[in-house]
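The values are calculated or read from the model by the stated rules, or taken from the named source; none is laboratory data. All values reported here derive from a predicted model rather than from experimental measurement. Neighbour counts run over all protein chains shown; Cβ positions are idealised from the backbone, glycine included.
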Amino acid sequence: MSGKFVRMWRPIEALTSEIKGFAVIILNRKIKNFHRLDLAWKSGVFKATADGGTNRLYDATLDAGKKPSEYVPDLISGDFDSIRKEVKEFYSDLGSKVVHTPNQDETDFSKCVNLVLEESKSLSRKVEYFLVFVDSSGRLDHIIQNTNEIIRRCQQGMEIYLVANNSITWCLSPGDHVIHIDEDTKRKWCAVIPAGNKPARVTTKGLKWDMTDAVLEFGGLISSSNAFTDVAGVEITTDSFLLFSIGLPENVN
């Protein structure tokens, strides 16, 4: 690999890490895999819901046969155009901090991240990354906005994973990376997508369709619907920001 420092990624372990502290944020999409959220909720050092994401948490716990009182977010934020009044009052009465953020120049997602960073300063364990639970929707603008947020934060040096029912997606900064893949995930798809403000020159080792000094850019080549080989770690070198997305098996925590 080209550089001296190699960034190691273990995306499956990140979903339930007990080594690195992480925050959980729930956005306003239906939670389709409560088991995965449940495990992350138990391991996370801070939990937050963004506006209508609070409804999603409440409804998902009931659908899973759980008590909503056992899943109380530390923080509820947003412009509150989506959250149900009775849900907000329910969690507020149980101790959730409720912060109204009416600023329309930022999304509820972005504002929630800012608040979590501020509120978590007093924690004994540092928030080192975020798991953001949000399934894809029919709204392309929402999908692009959520993706743009993790790219923007990556450019600021932050680590945010978008966790959907069937995938996990995050941003790679320029440099050398090794992504560790477990046996179940090796059978799923992956994608390497340019995410910077310039074309990305990319070399990979360990993908079914490897690239050597390939130029990735919108309007040109995008490595979608790629796959893994039998190697334990995929090596990626890039000179610009990338999105890396992996399909999640249903039985992965």
- [ ] Can you give me the number of residues within the stretch 187-207 that are surrounded by 16 or more Cβ atoms within 10 Å (Cβ to Cβ) and either of a type in the set (Lys, Arg) or not assigned by TED's automatic domain parsing to the domain that holds SER245 (or both)?
- [x] 3
- [ ] Being at pLDDT below 95 and either under 17 Å from LEU75 (Cβ atoms) or basic (Lys, Arg) (or both) is the filter here, so list the residues in the stretch 125-144 that pass it.
- [x] ARG125, LYS126, ARG139
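Scan the stretch 142-165 for residues that are of a type outside the set (Lys, Arg) and either closer than 13 Å to LEU15 by Cα or crowded, with 16+ Cβ neighbours inside 10 Å (or both) and report the count. I'd like the intermediate steps shown before the answer.
Filtering the stretch 142-165 down to residues of a type outside the set (Lys, Arg) leaves 142-151, 154-165.
In the following step, the residues that additionally are either closer than 13 Å to LEU15 by Cα or crowded, with 16+ Cβ neighbours inside 10 Å (or both) were identified as 142, 146-147, 149-151, 154, 158-165.
Adding up the residues that qualify gives 15.
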TODO: Kindly check whether there is at least one residue in the stretch 228-240 that is in contact (Cβ under 8 Å) with a residue 24 or more places away in the chain, within 30 Å of LYS42 (Cα to Cα) and in a loop (DSSP other than H, G, I, E, B).
DONE: yes
Open item on the list: Out of everything in the stretch 70-90 that is under 16 Å from LYS47 (Cβ atoms) and in contact (Cβ under 8 Å) with a residue 40 or more places away in the chain, what residue ends up being surrounded by the most Cβ atoms within 10 Å (Cβ to Cβ)?
Closed with: PRO73
Task: Answer residue from the stretch 95-131, given it is touching a Lys or Arg at 6+ places or on another chain (Cβ under 9 Å) and of a type in the set (S, T, N, Q) and is nearest to GLU149 (Cα to Cα) among those - done: SER110
Open item on the list: Of the conditions (1) closer than 27 Å to ALA23 by Cα; (2) at pLDDT 95 or above; (3) crowded, with 20+ Cβ neighbours inside 10 Å, LEU248 satisfies every one except a single condition; which number is it?
Closed with: (2)
- [ ] Please go through the stretch 89-114 and pick out each residue that is closer than 16 Å to ASN28 by Cβ, part of a helix (DSSP H, G or I) and either in contact with a Gly (Cβ under 7 Å, 6 or more places away or on another chain) or not small (Gly, Ala, Ser) (or both).
- [x] TYR91, ASP108, PHE109, LYS111, CYS112, VAL113
Open item on the list: Looking at (1) more than 24 Å from MET158 (Cα to Cα); (2) over 20 Å from the mean Cα position of the chain (by Cα), which one does LYS188 not meet, given that it meets all the others?
Closed with: (2)
Open item on the list: Looking at the stretch 26-44, can you tell me whether even one residue there is more than 21 Å from PRO249 (Cβ to Cβ) and without any contact (Cβ under 8 Å) to a residue 12 or more places away in the chain?
Closed with: no
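Each row is one residue, and each column tells you yes or no for (1) within 21 Å of SER223 (Cβ to Cβ); (2) over 14 Å from the mean Cα position of the chain (by Cα); (3) not in a loop (DSSP other than H, G, I, E, B).
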{"site": "LYS121", "(1), (2), (3)": "no, yes, yes"}
{"site": "ASP141", "(1), (2), (3)": "no, yes, yes"}
{"site": "ASN146", "(1), (2), (3)": "yes, no, yes"}
{"site": "HIS177", "(1), (2), (3)": "yes, yes, yes"}
{"site": "GLY196", "(1), (2), (3)": "yes, yes, no"}
Open item on the list: On the basis of being over 15 Å from the mean Cα position of the chain (by Cα) and either touching a residue at least 24 places away in the same chain (Cβ under 8 Å) or crowded, with 22+ Cβ neighbours inside 10 Å (or both), does THR49 make the cut?
Closed with: no
- [ ] Mind counting the residues in the stretch 151-168 that are under 16 Å from VAL127 (Cβ atoms) and out of contact with any helix residue (DSSP H, G or I) (no Cβ under 9 Å at 6 or more places or on another chain)?
- [x] 3
Task: One residue from THR169, THR203 being within 23 Å of ASP38 (Cα to Cα), in contact with a strand residue (DSSP E or B) (Cβ under 6 Å, 6 or more places away or on another chain), among the hydroxyl-bearing types (Ser, Thr, Tyr) and in a strand (DSSP E or B) - done: THR169
